[in-house]
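This report concerns only the one structure given below.
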Amino acid sequence: MKIGYLGPKATFTDLAVTTMFPHAEKIPYSTIPECIDAVSNGEIDAGVVPLENALEGSVNLTLDYLIHEQSLPIVGEIIAPIQQHLMVHPYHAHHWTEVKEIYSHSHAIAQCHKFLHANLKKAKHVYMTSTSAAAKFVSEHPHLPIAAIANRLAAKEYGLMIVQENIHDHDYNHTRFIIVRKQNEPLKMDSPLYAGDKTTLMVALPKDQPGALHQVLSAFAWRKLNLTKIESRPAKTGLGNYFFIIDIDQKMDDVLIPGAIAELEALDCTVQVLGSYPYYII
Ligand SMILES: O=C(O)C(=O)C[C@]1(C(=O)O)C=C[C@@H](O)C=C1
C-alpha cells in the first residue's frame, strides 16, 4: 500500500504514518496540496496531512484545499504528540545563541514563541513547508548561522545537533493528521490505538440572518449529538461569507446525524459530509 505524506523524510506527519502504517510504502510530497493531488490522481492509495494543532489551531491550507480544490473523503485521523527541538549544524553547536535566523513550519514556530522570545529575540523567523524541510535546509547550509525547529528524527536524518530540547511553550502539544482517500473506504487498520469515531461536516448558512447559527447548533443539541469542534472559515465568496466545519463525536448512523442534516437543509443550509471515520491516538 502506498501512503503519501507531507515530507521530506522525518516530518511529524512522517512519524505519524510510520507509527500507524509500519509496512506501507511511504511517499513524501513537498507540500500539502501536492500530497492531496496525488491521492486524487490515483498515484497513491491514501494521503496523510496535518489538520489541527492543539496550540496553534487549524492548518488552514489543508482545510481550504479540501473544501475548495479537491474534495476527498476523510477516512481516518491520527492524533500524535508533538515535541519541538532547536537544532543547528554541528559547526554552530557552541554558539547557537548567536544564530540569525530560525527555520521551520509556521505552526512549529508559533508553538515555540515564548522560548524564541526569551532566548533568540533578535533572530528572524523563516517559514518552510515543513519542519524537516527546515532541518534539511539548515544541514545543506553549514556556514550560515541558522537553526531549525523540528523533531528528533529530523536531527538524526539531516545530521544536526539538538541544542535545546522540548522548546514548545505548553506540554500538551498534539496534532491531528487526517487520512484522505479517493474512495470513501477506510484503510484496514486493526490497531490498539483506535480511540473512537468522528463525523466531520461542512455547513454553509443560507444568508446573514439572526439566529442562523443558533438554529444550526440546536439541530445537534436536541439530538444530544456531542460536537467536539466548530470552526468558521471564509467561503471566499465575499467579505462576511463563512462556512462552518463541525466535528461530531460519533460515526454516521441511520437516524441522528441524517436527521440533523435534513433539519439543516430544511433551514436552507448547504451541508457536505467531509467524512465519518475512526481516530487513533498515538
Ligand atoms: O512540518 C511538519 O513536520 C509537519 O508534519 C507539519 C506540522 C503542521 O502542519 O502543523 C505538523 C505538526 C507540527 O504541529 C508542526 C508542523
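The values are calculated or read from the model by the stated rules, or taken from the named source; none is laboratory data. All of these numbers come straight from a predicted model, not from anything done at the bench. Note that each Cβ is placed from the backbone with ideal geometry, even for glycine, and that neighbours are counted across all protein chains shown. Just the protein is used for accessible areas: all its heavy atoms, side chains included, with ligands, DNA and RNA removed. Shrake-Rupley method; radii C 1.70, N 1.55, O 1.52, S 1.80 Å.
Among the listed residues VAL49, VAL88, VAL99, VAL59, identify the single one that is touching a Ser or Thr at 6+ places or on another chain (Cβ under 8 Å) and not hydroxyl-bearing (Ser, Thr, Tyr).
Values: VAL88 fails: touching a Ser or Thr at 6+ places or on another chain (Cβ under 8 Å); VAL99 fails: touching a Ser or Thr at 6+ places or on another chain (Cβ under 8 Å); VAL59 fails: touching a Ser or Thr at 6+ places or on another chain (Cβ under 8 Å).
VAL49 is the lone residue from the list that is touching a Ser or Thr at 6+ places or on another chain (Cβ under 8 Å) and not hydroxyl-bearing (Ser, Thr, Tyr).
In the condition set (1) modelled with pLDDT of 95 or more; (2) in the same structural domain as LEU144 (by the TED database), HIS95 is compliant with all but (1).
What number of residues in the range 93-103 are touching a residue at least 60 places away in the same chain (Cβ under 8 Å) and open to solvent by 20 Å² or more (accessible area, probe 1.4 Å)? So the answer is 1. Anything in the range 104-146 that is open to solvent by less than 60 Å² (accessible area, probe 1.4 Å), within 11 Å of the ligand (Cβ to nearest atom) and hydroxyl-bearing (Ser, Thr, Tyr)? List them, or say none. Within the range 104-146, SER104, SER106, SER130, THR131, SER132 qualify.
Would you point out which residue out of ILE248, ILE230, ILE261 is without any contact (Cβ under 8 Å) to a residue 60 or more places away in the chain, open to solvent by less than 40 Å² (accessible area, probe 1.4 Å) and of a type outside the set (Ser, Thr, Tyr)?
On the way: ILE230 fails: open to solvent by less than 40 Å² (accessible area, probe 1.4 Å); ILE261 fails: without any contact (Cβ under 8 Å) to a residue 60 or more places away in the chain.
Just one listed residue meets the conditions, ILE248.
Would you say GLY42 is farther than 18 Å from HIS174 by Cβ, within 11 Å of the ligand (Cβ to nearest atom) and not assigned by the TED database to the domain that holds LYS251? Explain how you work it out, then say what you get.
Working: farther than 18 Å from HIS174 by Cβ: yes; within 11 Å of the ligand (Cβ to nearest atom): no; not assigned by the TED database to the domain that holds LYS251: yes.
Criteria not met by GLY42.
Against the list (1) of a type in the set (A, V, I, L, M, F, W, C); (2) at pLDDT 95 or above; (3) more than 13 Å from the ligand (Cβ to nearest atom), the condition ILE82 fails is (3).
Taking the conditions exactly as written (within 15 Å of the ligand (Cβ to nearest atom), of a type in the set (Gly, Ala, Ser), within 18 Å of ASN53 (Cβ to Cβ) and within 23 Å of the chain's Cα centre (by Cα)), does ALA154 satisfy them or not? Break it down into steps so the answer makes sense when it comes.
Numbers: within 15 Å of the ligand (Cβ to nearest atom): yes; of a type in the set (Gly, Ala, Ser): yes; within 18 Å of ASN53 (Cβ to Cβ): yes; within 23 Å of the chain's Cα centre (by Cα): yes.
Against the criterion (within 15 Å of the ligand (Cβ to nearest atom), of a type in the set (Gly, Ala, Ser), within 18 Å of ASN53 (Cβ to Cβ) and within 23 Å of the chain's Cα centre (by Cα)), ALA154 qualifies.
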